[in-house]
Amino acid sequence: MTGDKPDPQLRTPMQWSASPGVGFTSGTPWESPQPDSLVVNVAREDAEPGSLLNLYRRLIHLRRQNGALAAGRLVPLTGGSAGVAAYLRSAGSRAVLVVANLGDAPASAVSITSGERALPPGRYAARSLLGGPDAAVLQVGADGRIAGYAPAATIGPRQSFVLDLIRREGRGP
């Protein structure tokens, strides 16, 4: 089956393993597998904890467990730096902040801002939901606005933060 698709290799067999037929078939597939099928396949990605496949599995699991990520109110934020995207998801008392550097270079002096009523006023601990270090404490003004929040000194190229915001009433960080 061929067509005018932008990717001429669109219909190659799914690369499940490095075995003959790439784990897709014991027969002859209608198209040859990709040349990288011995090193790029589901079995290999499954065995590598830091693989894209396992990252997606963790993100799906995280979304299922967290009501704010699954169905929370979406609040777009301004990243204040080229290539940085940020948004907030909140539901009830749960809030999650997502910050992603989509660029090829590190982003320094990132300054996240929002409109009014993004969150209830207060101090929030920013706990990483993907592992790694937690981010800086977030201070939300009396009007519910996030102003000049820098989750980290530098955000690496293609690095993302998924942060559980935990409100600290009357306490320090």
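Just so it is clear, none of the values below were taken in a lab; they were calculated from the coordinates. Because the structure is a prediction, the values reported are computed rather than measured. FYI the Cβ positions are ideal-geometry reconstructions off the backbone, even for glycines, and counts take in every protein chain you see.
Just a few scattered comments:
- Protection proxy ranking, highest mean first, for peptides 46-55, 71-80: 71-80, 46-55, where packing is the per-residue count of other beta-carbon atoms within 10 Å, averaged.
- Between the beta carbons of MET14 and LEU55, assuming R0 = 22 Å, the FRET efficiency works out to 0.70 to the nearest 0.05.
- Note on the stretch 8-58 and the stretch 60-82: Cα centroid distance 30 Å, given to the nearest whole angstrom.
- Computed from the C-beta positions of SER26 and SER108, the FRET efficiency with R₀ = 41 Å rounds to 0.15.
- 0 to 90° range, to nearest 10: angle between helix 52-65 axis and the chain longest Cα axis: 50
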